[in-house]
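Please treat every number below as a calculation from the coordinates, not as lab data. These numbers come from a predicted model, not from an experiment. We place every Cβ from the backbone using ideal geometry, glycine too, and count neighbours over all the protein chains shown.
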Amino acid sequence: MIVLGLAAWALWPRGVTQVGSGVRDQKDSAPRKYTVRVAPGIYMPGTRPQDLGKPLQGLADVAREFEKLYPDTRIEFTDAPVGEREYLITQLAAGQAPDIINVNVGDVWQDVQKGWYLPFDKYLEQPNPFVPKGQLGCEKWWDQFKYQSISRSKTAPDGKVYCITYDMVETGIFYNKSMFARLGLQVPSDWFEFIQLQQKLKDARVIPFLVDSSAVADWGVDLVFNQLYGSIIAGMKLKRDPSREAHLSRFFDWDELAYLNRKGFFTRRDPRFVETFRILKAWRQYFEKDMSSTDLTKMFVTQKGAMYWTGSWEVNRLARDPDVGFDWGIFYLPPIPHSYDRFADGHDQCVIGGSGTQFEVTNSAFDDTHDAATSEKLKRTIAFIQYLTIPKNVDRVVNEILCFLPNVVGAEPRPELKLFDTILHREFANTKWLFTFDLRFDEIMRRMLDLYINNGISEDEFMAWMETNVKTACDTIVRRKRIDLSKFDAKWNELAPLRAKVQELPREP
Amino acid sequence: MSLRRRNFASTAAIYAMLSPTFGLLAVFSLVPFVWAFVTSFYDYEVGGESRFVGIDNYVEYLHDPTLLPSFANLLFLTVFGLLIVSTVPLAVAKLIFCLKSERARYLYRVLFLIPIVVPGVAGMMIWQGMIYNDTGLLNETLRLFGREDLTRGWLSDPRTVLWAVVFMGFPFAGGINILIYYAGLAGISESIHEAAELDGARGMTKFLKVDVPLVMSQVKLLTILTVIGTVQGFEGMFILTKGGPGFKTMVPGLWMYMNAFSFQRMGYACAIGVILFLLILSLTVLNMRYFRSSEELKAEGA
């Protein structure tokens, strides 16, 4: 309690932000007027991601070139743990966070009203000064980004863009090709085959599928949800946003989810919702026993598990690790056919990945004047990010490792990652349940799903938790954002004929 | 100089020497406590505005879905902790005390103390990674005996997780508690042992009827420390299970931490903190009031 009291005192709102300090990695000690501190995440110079390969140098080289262009500016890299929410919040509240950070922008959205982050909209609509005339980006910085719709989907609920999506990440099922060949197994083309395949592996005394519990709650729920609701989205989609491309046209925003929830969706009365979790639970028997603390990469590399659902970053590990003594490949989760589940229609699984590295600019970036409009330091901070997005620089930074795909036109992904590029062009998920509501919702959903699939509670108990959790989250977001959901009434009524053709829709309360 | 003035001068010197320590204690312990108490009446999000909400945070906690499971877990952990702390170290201390050779007694005291040099977090990681893991000692042993059906994720299976957590540190025999009991046993006068033996008390009877009552001061001390440690402590759960699966290993301290630093609900977290403080205070007072040590019983008898 004393620690809490200290924290409360230390973090109580104050008017002044202060210059912070970071960990330097450079030997240059020449006096420079501005220091831009960057927490680049996986691209941290001098580190060896996954303890493989040579120490990274790409970002440091780019920074050195930038410093030549701006002799009054020093780029300082820090490996501060900005991904740790506890750390980041305290640093931001104290005005001591690094100027450029790389965190999931969904976390940032929770705090945008506090003035901790800088919106990029103004800069994105203007030219990138480092782009030569005639090339993409010379008129609008926005134009440089390759995966436009995914990048634009990172717009916060307040309509502003708080991150620059630097690269892309997607999930895939990594599988042991040698083991498949030995056991006479094929990559599955649908969910039926997928389950049969896992049963054969289980019979062969191999863990069929390695996945951690948070991936099931995040990716698993969104993908299965998309499979079961895919055929009825037309009767549910309340907003039509022309600025969104086809990729995102079937995505539900939180206000739509809140409205639908009041119409009985995402409750115990919604059989598709119940079925979504039932499918995940039935799948659970093929996962490793301990889903929370086991080193899954190690289990895959040591051939204790046959398949491993993880992100594209694992390519770096598997391609470079000399201990991997087998051939491996990647496939994507197969579709669920109607013959497997009455709500499924067998369409291809959607995309759940997207933005990998997401650069945000914090309030520390204008601590020279405490005013973004007049800050010279902020100009240099933005310029550095713009400089980073030049294709040759993206190539030097992103392609130095085999983890992510460049998100700038002119910087091609490494051949080993090409498969993910094709997946990324599919339609995006209908929801991102864990990135829509508040963190309390996320915490309860993760925990209760974990408990449910591990036989800790019954389906009824789990659905009771989920129903309350979704309702509370919807009520909270509607209250906080002061949204009038009646704006959807007309559209809802207009879509009634479409819904009339659908069976087993939830009854309105 | 009058006696009174001399007394004042010497007392003032003591106060002066105490003041830096007290000052630091006030700044880092007492003021934060008051601050936390005040904050508990506010809806305060870090970096956002704060709004006075009266006792709303306390009322909300009464309806919090984690309240019952987390306090049930706390009760279980406390009872288990008390059971362990009042038996195993005492028995080990008595066994060491009974050794004839002073050299052997010294050696065993050192050997039983050595495990405390391993940081608690490291110990937990060892249990998590090497014993409870999918391919850890427990599961591999079961597989060795052909009992694959009994293998499980010990820390992710809702049926075993709480037991897996409390059994970390098995056989609970190392550490400072043994020394505390040993000191208590060593403080019992030889004449008491002789008198007991003259009255026919031997072995277990002597241990239960003579030793145990006379180490009640130590039992009382360790009881208070265990209760406070269990109610306040959540780092173990944080490292091992984050309170899961579900809320199967959630404890109030961890929920307080998560509300403060993950959900940024500092006022709500402070309310949980105040409740935990009051709980610890009540249990300590109860312990002091009703749990009598031998010295206190002796004093009452006199």
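Projecting the Cα atoms of B:89, A:328, B:234 onto the charge dipole of the protein assembly as shown, computed from C-beta unit charges around the Cα centre, puts B:89 farthest toward the positive end.
For chain A, the dipole from Cβ point charges (+1 on Lys and Arg, -1 on Asp and Glu) about the Cα centre works out to 380 debye, to the nearest 20.
With 0.36 nm allotted per residue and the present C-alpha distance subtracted, the residue A:110-residue A:418 stretch has 107.5 nm of extension available.
Other protein chain C-beta atoms within 10 Å of residue C-beta, averaged over B:36-43: 3. The residues packed around residue A:407, meaning those with a beta-carbon under 13 Å from its beta-carbon, carry a net charge of -3 if Lys and Arg are +1 and Asp and Glu are -1.
Projecting the Cα atoms of A:47, A:425, A:81 onto the charge dipole of chain A (Cβ charges, centred on the Cα centre) puts A:425 farthest toward the positive pole. For chain B, modelled as a GNM whose springs connect Cα atoms under 10 angstrom apart, the maximal fluctuation among B:47, B:169, B:253 occurs at B:47.
Listed here are the pairs A:237/A:432; A:239/A:491; A:33/A:122; A:239/A:432; which of them are more than 19 Å apart at the Cα? The pairs that break the limit, which is 19 Å between Cα atoms, are A:33/A:122. Looking at the protein assembly as shown, what % of the alpha carbon pairs are farther apart than 49 Å? When every Cα pair of the protein assembly as shown is considered, 28 percent fall beyond 49 Å. Across the stretch A:224-378, the mean sequence separation of Cα contacts (distance under 8 Å, 6 or more residues apart), normalised by length, yields a relative contact order of 25 percent. Charge tally for residue A:228 (other residues, Cβ to Cβ under 11 Å; Lys, Arg +1; Asp, Glu -1): -2. In a DSSP loop and with at most 13 other Cβ atoms within 10 Å, the trypsin sites (Lys or Arg not before Pro) in the stretch A:175-209 are A:205. Note that chain B shows a convex hull volume over its alpha carbon atoms of 239 Å³ per residue.
Whole-Hz Karplus values for the stretch B:78-93 come out as 5, 4, 4, x, 5, 4, 5, 5, 9, 10, 4, x, 5, 4, 5, 4 Hz, taken residue by residue from phi with 6.51 cos²θ - 1.76 cosθ + 1.60 and θ = phi - 60°; glycine and proline positions read x.
Partners of residue A:377 within straight-line reach, counting aspartates and glutamates whose Cα lies under 12 Å from its Cα and excluding those fewer than 8 residues away in the same chain: A:72, A:99, A:367, A:368.
Listed by chain and number, the aspartates and glutamates whose C-alpha is less than 16 Å from the C-alpha of residue B:220, apart from same-chain residues fewer than 8 away, are B:211, B:295, B:296. With R₀ set to 45 Å, the beta-carbon distance separating residue B:63 from residue A:504 gives a calculated FRET efficiency near 0.85. Counting Lys +1, Arg +1, Asp -1, Glu -1, what net charge surrounds residue A:52 among other residues with beta carbon under 15 Å of its beta carbon? Spelling it out: positives minus negatives among the neighbours equals 0. A simple charge model with +1 on the Cβ of Lys and Arg, -1 on the Cβ of Asp and Glu and nothing else charged puts the dipole of the stretch B:143-302 at about 660 debye relative to its Cα centre. Computed from the C-beta positions of residue B:192 and residue B:282 and an R0 of 30 Å, the FRET efficiency is 0.30 to the nearest 0.05. Farthest toward the positive end of the dipole of the stretch B:23-176, out of B:30, B:101, B:111, is the Cα of B:101, where the dipole comes from beta carbon charges about the Cα centre. Taking every alpha-carbon pair under 8 Å whose residues sit at least 6 apart, chain A reaches a relative contact order of 24 percent. FRET efficiency for the residue A:122 to residue A:241 pair, using the beta carbon distance and R₀ = 30 Å, is estimated at 0.90. Students often get this wrong, so check it: of A:471/A:501; A:114/B:248; A:298/A:418; A:263/B:242, which have C-alpha atoms separated by over 30 Å? Cα-Cα > 30 Å for A:114/B:248; A:263/B:242; rest within.
Just how far, in whole angstrom, is the stretch A:412-430 from the stretch B:38-81 if you go by their alpha carbon centroids? About 45 Å separates the Cα centre of the stretch B:38-81 from the one of the stretch A:412-430. GNM remark for chain B: springs join alpha carbons under 10 Å apart, and the peak mean-square fluctuation among B:276, B:214, B:137 falls on B:137. Spin-label model, residue B:205/residue A:192: points 7 Å from Cα along the beta carbon direction are separated by 7.9 nm. Here the spin labels are modelled as points 7 Å beyond Cα on the Cα-Cβ line, and at residue A:461 and residue A:496 they lie 4.1 nm apart. Cross-link reach is defined here as a Cα-Cα straight distance under 17 Å, omitting same-chain residues fewer than 8 places apart; for residue A:200 the lysines meeting it are A:177, A:304. The stretch B:73-195 gives an Rg/Rh value of 1.09, both radii derived from C-alpha positions and Rh following Kirkwood.
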